[in-house]
Each structure stands twice: as structure tokens, then as C-alpha cells.
């Protein structure tokens, strides 16, 4: 059997063909997500793992020069057969070597394999430790939208279904765009949302980069929910593989009697169905039923639309420097303070 080797992949078509052939797949390992991060100033690496001439795995790594310690992240990846221990050993050796070359303290991965004791033990056996913080959405809520609209409505919580239907008769409208200039609308709403929920928002530049990059492949839309000409809520929806992703969003606290957030979700679902997608990924929810968790409110909102929880394996760190443990301690404290 031929030995494994790795090389940088420079052909978008090769990368995307492999990724889209796998299930599950995530836009977080897509070519475009790498480009978004490059536009934000990050150094990225697109590694392909080969057995002979056959591509058997890919891994998008993003360098983060954080104050808490420089590191590499692998969101939604790597994409390979985790049951193949020889390939997994090769992957670990390759990223360890890259980490040493880059002078980073650790590599954090969050593959899209299910959370389980067996999967945790598997990574532990290769030198990984459970990360003190999550990486992107680990606990997600996913709705099967392959059913007809009436069945989707009937699968909702009664109160949610009522508010969706009420929104349909409330004079609201939704406009779709792939113009990166619409990022300003979302950013302004996010400023208000961040103050309301006490979190640090994302930069407008990131919204612009995501819209412009994914628009090249017709894989993004900005949804704006309006009352007359006033935007009450906005969201960036990524369409990738067989799913729509509710990635970034923000809303006003005004007009509390109008169910505009419910109306917006229904319009997103309809557009995803129009594209013949199977799933709607409402992104992050709280990892438990703790009413004091920071995501408790948004979890109640999202779960009302029906669907099911999918918990991906919690992020794992491969320490490559003794200084990693400074990051580990810092992040443990920050997680507690942020109620995560």
C-alpha cells in the first residue's frame, strides 16, 4: 500500500469536488471560507492528503495570532476518514510539523464528527486535549426542510407556528441581496443587538468579505426584513452543499409586537426550499438546558421551528508548545466569565 503524502492544493475545483462529495460537509472547510479569512488578513493553508494519486483528505488551517497565544484552527475539519488510524496519524504528524514551522503554541480542530465518548477517546489517543473553548457552532439546531411547507409548519411549536402566520399578515416584507454594501445594514443592527445582549460583535469588513466571496458562486444572500422601508432584522445565509446556514444575524428591539424574526425565518426556509436544499442549519444553540446560559434565549427561539439538535465533537487542541497551558488557563477563566 502506497504511503501518504501531503501537498498544498491550489486548484479550487479539486478542493470543492472532494469536499462536496463528502457527508457531512461544512462551508467552514470550503475554498471560499479560506478566501474570506485571507481577505481578513489571516494566513491560511489548504492541505491535501494523498495516497498515491488519490486525494483522501483535506484540511483548511487558519493562523490566528491572538494575544492569548498564536495558534492554527481547523473549523469544521479536517475532512477525512477518522476510522483510518494510519491516515489520522499522518494528519496529526503533518499539522504538528506545520505548527512547529509556524512557531504556534497549538492546533485547534473541530471536525464534523458527532460528539461521543469514543470520538473523544480517539483524539485523546493521538495527543489531543479537550479545548477550554468552543470553535464556531458545535451545538447546532438543524431542520429537515425536504418536507412540504405544511408539514414544516405542523412540526413547529404551536406558539412559533402562530407567530409565523401572524407575521405573514403584518405588512412585513423581505428583500434578498448579494450586494456586499448591504453589510452596513447588518453591522448597524448588530451594534444595537450587541449592546442589548452584551457581546462583542463582528467587524463589518468580515460581513463584506463573506458576502462578496460566496456571491461569486451564488452561495449567499443577505435577507432584510422590512416594515415599509425600515429594516428590522437582517441575516447572512450561506447555501452550501445540501444545506442553508443561518450564519450572521441581528435585529432591532423596536416593534416588539411585530413577529418579524419569525417571518424572516419562514422566508429563509422558503428560499432554501426553492434551491432544493434538504436542511436548514440554524447554527449555534446552548449545549444544555441551563436557563442561565448565554444562548438560552436564542435556543428557545430556534428550537420552536422544529428539527433536532446535532452536537459535533467539542473542539480539541494539539499542544505544540509548553506555552499552550497559559492559553488553556486564560480561556477557562474567560469561558466562566462569559457564561459559556
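The values are calculated or read from the model by the stated rules, or taken from the named source; none is laboratory data. The structure displayed is predicted, hence computed values, not measured ones. Don't worry about glycine lacking a Cβ; one is built from the backbone with ideal geometry, like all the others, and counts go over all protein chains shown.
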Contacts under 6 angstrom Cβ, first residue in the range 275-304 being at positive phi and in the same structural domain as residue 147 (by TED's automatic domain parsing), partner crowded, with 19+ Cβ neighbours inside 10 Å and part of a loop (DSSP other than H, G, I, E, B), 6 or more apart:
283/137
Quick check on my filter: what residues within the range 162-182 are more than 26 Å from the chain's Cα centre (by Cα) and either part of a helix (DSSP H, G or I) or closer than 30 Å to residue 39 by Cβ (or both)?
162, 163, 165, 166, 167, 168
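If you take the residues of the range 201-218 that are outside any helix (DSSP H, G or I) and under 17 Å from the mean Cα position of the chain (by Cα), which of them is modelled with the lowest pLDDT? Break it down stepwise before answering.
Restricting attention to the range 201-218, the residues satisfying the condition of being outside any helix (DSSP H, G or I) are 201-203, 216-218.
In the following step, the residues that additionally are under 17 Å from the mean Cα position of the chain (by Cα) were identified as 201-203.
Details: 201: 83, 202: 93, 203: 95.
Selected residue: 201.
When you look at residue 29, is it in contact (Cβ under 8 Å) with a residue 40 or more places away in the chain, over 20 Å from residue 248 (Cα atoms) and touching a strand residue (DSSP E or B) at 6+ places or on another chain (Cβ under 6 Å), yes or no?
Values: in contact (Cβ under 8 Å) with a residue 40 or more places away in the chain: yes; over 20 Å from residue 248 (Cα atoms): no; touching a strand residue (DSSP E or B) at 6+ places or on another chain (Cβ under 6 Å): yes.
Judged against the criteria, residue 29 is not a match.
With the condition being at pLDDT below 95 and under 30 Å from residue 147 (Cβ atoms), I'd like the helices (runs of 4 or more DSSP H) fully within the range 227-340 carrying at least 1 qualifying residues.
On the way: elements: 260-274, 296-303, 324-337.
In the range 227-340, 296-303 are the helices (runs of 4 or more DSSP H) which contain 1 or more residues that are at pLDDT below 95 and under 30 Å from residue 147 (Cβ atoms).
Residue-by-condition table, conditions (1) more than 11 Å from residue 304 (Cα to Cα); (2) out of contact with any helix residue (DSSP H, G or I) (no Cβ under 9 Å at 6 or more places or on another chain):
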{"position": "139", "(1), (2)": "yes, no"}
{"position": "144", "(1), (2)": "yes, no"}
{"position": "150", "(1), (2)": "yes, yes"}
{"position": "153", "(1), (2)": "no, no"}
{"position": "157", "(1), (2)": "no, no"}
{"position": "167", "(1), (2)": "yes, no"}
{"position": "172", "(1), (2)": "yes, no"}
{"position": "179", "(1), (2)": "yes, no"}
{"position": "183", "(1), (2)": "yes, no"}
In the list 216, 184, 230, which residue meets the criterion of being outside the structural domain of residue 21 (by TED's automatic domain parsing), under 30 Å from residue 21 (Cβ atoms) and exposed (fewer than 14 other Cβ atoms within 10 Å of the Cβ)?
216
Which one is farthest from residue 294 (Cα to Cα), of the residues in the range 187-201 that are in contact with a helix residue (DSSP H, G or I) (Cβ under 8 Å, 6 or more places away or on another chain) and surrounded by 15 or more Cβ atoms within 10 Å (Cβ to Cβ)?
187
Mind checking which residues of the range 69-103 are more than 19 Å from residue 119 (Cβ to Cβ) and buried (at least 23 other Cβ atoms within 10 Å of the Cβ)?
71, 72
